[in-house]
Amino acid sequence: MLIGIVYLSLPSLVNIYLNRNAERIVSDMITRTGEFAGHEVHFGDISLDYDFTGTFLRLKDVGISPGESISGKDKIRFQLTISEATLTGFLWTDFLFSNTIRLDTAYLENMTLESITPPLDSLDLAQDGQPKSEGKDYDLISVKHIRMNQLSFDNKDSYTDSIRMSMKDLFVFADNFELSKEMLDDPDGLFKIDQIQGYMAEAAIHFNEYRNSITAENLAFDTKDENLSVENVVFKNKLEKYEYIRQFSVETNWMEVHQGKLEVRGMDFQEYFQAGVIEAEHVLVKGLDLEVFRDKRMPDDTESRPKMIREIIDGLPTRILIDTITVEEMKVKYEERPDNDAPRAGSIFIEQINATITRFTNFEEKLAENDELKIKAEGLFMGTGKISLDAAYFITDPDGKFTLRGNIGPMDLTLANQMIEPATQVALKQGKINEVFFNITANDFDGTGEVIAKYENLEIEILDKNFEHNQNVFRRIGAFLANKLVIKSQNPNNRGELIKGPVYQQRDKTKFIFHYWFQLLLSGLKSTITGETEEEMREKAKDN
């Protein structure tokens, strides 16, 4: 009888103890961890309700802030506020005897977290590369059901007070969440979870000494549907073009992405959460508007070695397998300030770009079966000339072999004057491309092939010192001689003979892959117009 009375009254006795000491108990549970060691915890209201199935905990107006011991700029500090947190099913036996937090449900409302950290290379790191922990982490945190309403997060640089990473208004529904000590020690894995759905209003990363930021707006994900979507992706340069490039001692690209929608379908979230592997059936990028600017008056960066595509894929920090990447309605604009006295920069653009990339992977077993990365693309050069491209990269080829095949449709050549005039002080007075075919094979070192350019009525003129179309007798004579003696005005010629332009171009290892593509194609166009042979181009390359 006495035992039964004691047994029935035990929950009441425990509740009296817990609620009298609730603030101390819960504070100790939080500040014992490595992340919050040395922090202070404050509660507006706290209540616990114990029974034999577990403990119910409700917290209101929670505040966690750094204590005096971690007030320096070289310490990792957190500022956290929660309007309301409701936790059910907490088991004291797991906590006391297994160093484990196990919950039935966790509900968090209006949570704001700010982490303040010095630059990563200045942190006091342990041998495994992780920040040294002053607290004791739990062996396991397990929650059956999670609901999180309106979480916001900022990470700030303690030296500059600049935001490095942020999230706004994250909403999450999740089932069977587990985070173990082994997962924390694993640099590739994150956590284990059966199902998660979520929405985030905005996420942003700031980098390059805070000159650039990538922002994703209206992000949604669902492990059940295996889908992830971002309504708008923006790459922003916080400085104006010339202000930005003047901060560097060598040529540097100023770049922005003004808009773009991203959808990932058939994504294996479990592989990503537990092993850091990105595996998806299809990635769609739509409406991307890319703008690039370069000032050629800056010294060339002779030390740079941009990676080729195979090197980029091989050097990815995680294993990745994407069956198909689709690009729709993309626009690319390239603007260049030439190294001369031109009063303006030149520019070209390609719009309505649609492309498909297949077998994007660095899985060794997949590459052993087939190492061919295929790219099919089309677009409108200067909004007029249709470009079609078939490219193939052989990822495991030791020399980086790739092929480029395609054609360019009819267009008025004078449209290219936007780029040609500032760069060369020469203008295309008239001319029309009827069609261009190209077939090129290249690698990391050089490339050869053939360009067949059908054009007519090609004629140039020489601009004056102000880059104006002011023609005196000397410029007219120079243009006349060039048009008659150097440049072939049409192809096929008057006798119907079609000249095929050989391709030869050595790779400039200080330039990006798209520069190499353009130079390969340009070498074939030049040889068509001037009549140079591949042997002559090879000899000229030796001299340079």
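Quick one: grab the alpha carbon gyration tensor of the stretch 185-231, order the square roots of its eigenvalues as a ≥ b ≥ c, and give me rounded if a/c is under 1.5, else prolate or oblate depending on whether a/b is larger than b/c. It is oblate, given that a/c is not under 1.5 and a/b is not larger than b/c. Ordered by solvent-accessible area of protein heavy atoms (1.4 Å probe), largest first, the residues 146, 193 come out as 146, 193. Taking all protein chains together and a 1.4 Å probe, the residues 366, 241, 386 rank 386, 366, 241 from largest to smallest accessible area.
Here the Karplus curve 6.51 cos²θ - 1.76 cosθ + 1.60, taken at θ = phi - 60°, turns the phi angles of the stretch 371-387 into couplings of 9, 8, 8, 9, 10, 10, 8, 8, x, 10, 6, 6, x, 10, x, 6, 10 Hz, with x standing for Gly and Pro.
With the simple model of a label 7 Å out from the Cα in the direction of the Cβ, residue 466 to residue 341 spans 1.2 nm.
So in the chain, what percent of DSSP beta bridges are antiparallel if you round to the nearest 5?
If we restrict to bridges inside the chain, about 85 percent are antiparallel.
Please report the carbon-and-sulfur percent of the accessible area for the chain; probe 1.4 Å, protein heavy atoms only, DNA, RNA and ligands left out.
Carbon and sulfur: 53 percent of the exposed surface of the chain.
Extending 7 Å from Cα along the Cβ direction at residue 210 and again at residue 302 yields two label points whose distance is 3.6 nm.
Compute the Cα gyration tensor for the stretch 165-209, then decide on rounded, prolate or oblate, letting a ≥ b ≥ c be the square roots of its eigenvalues: rounded whenever a/c is under 1.5, prolate when a/b is larger than b/c in the other cases, and oblate in all that remain. Oblate, because a/c is 1.5 or more while a/b does not exceed b/c. Can you tell me how the stretch 46-99 classifies by the Cα gyration tensor, rounded, prolate or oblate, using a/c under 1.5 as the rounded cut? Oblate, because a/c is 1.5 or more while a/b does not exceed b/c. With 0.36 nm allotted per residue and the present C-alpha distance subtracted, the residue 352-residue 16 stretch has 114.0 nm of extension available. Set Lys and Arg Cβ to +1 and Asp and Glu Cβ to -1, take the dipole of the chain about its Cα centre, and tell me which of 506, 189, 533 lies farthest positive. Towards the positive end, the residue furthest out is 533. Near residue 321, the amide H atoms lying under 5 Å from its own belong to 278, 279, 280; only residues 5 or more places off or on other chains count, and H is placed 1.01 Å from N. Toward the positive end of the charge dipole of the chain, with +1 on the Cβ of Lys and Arg and -1 on the Cβ of Asp and Glu, the farthest Cα among 204, 153, 116 is that of 204.
Run the numbers on the chain and let me know its relative contact order in percent, using alpha-carbon pairs under 8 Å that are six or more apart. List each step's numbers first, then the result.
On the way: 1337 pairs, mean separation 33.9, N = 544.
Relative CO of the chain lands at 6 percent.
The fraction of Cα-Cα pairs per 10 angstrom bin, counted from 0 for the chain, comes to 3, 12, 21, 20, 15, 11, 8, 5, 3, 1, 0, 0, 0 percent, rounded to whole percents. Residues in the stretch 331-475 average 49 Å² of solvent-accessible surface per residue, probe 1.4 Å, ligands and nucleic acids excluded.
For the chain, the 222 nm mean residue ellipticity estimated from helices alone, with every DSSP H stretch of n ≥ 4 adding -39500 (n - 2.57) and the total spread over all residues, rounds to -5500 deg cm²/dmol.
The values are calculated or read from the model by the stated rules, or taken from the named source; none is laboratory data. From a predicted model like this one, the values you see are computed outputs, not experimental measurements. Using ideal geometry, Cβ is built from the backbone for each residue, glycine included, and neighbour counts are taken over all protein chains shown. Heavy atoms of the whole protein, side chains included, go into the accessibility calculation; ligands, DNA and RNA do not. Shrake-Rupley method; radii C 1.70, N 1.55, O 1.52, S 1.80 Å.
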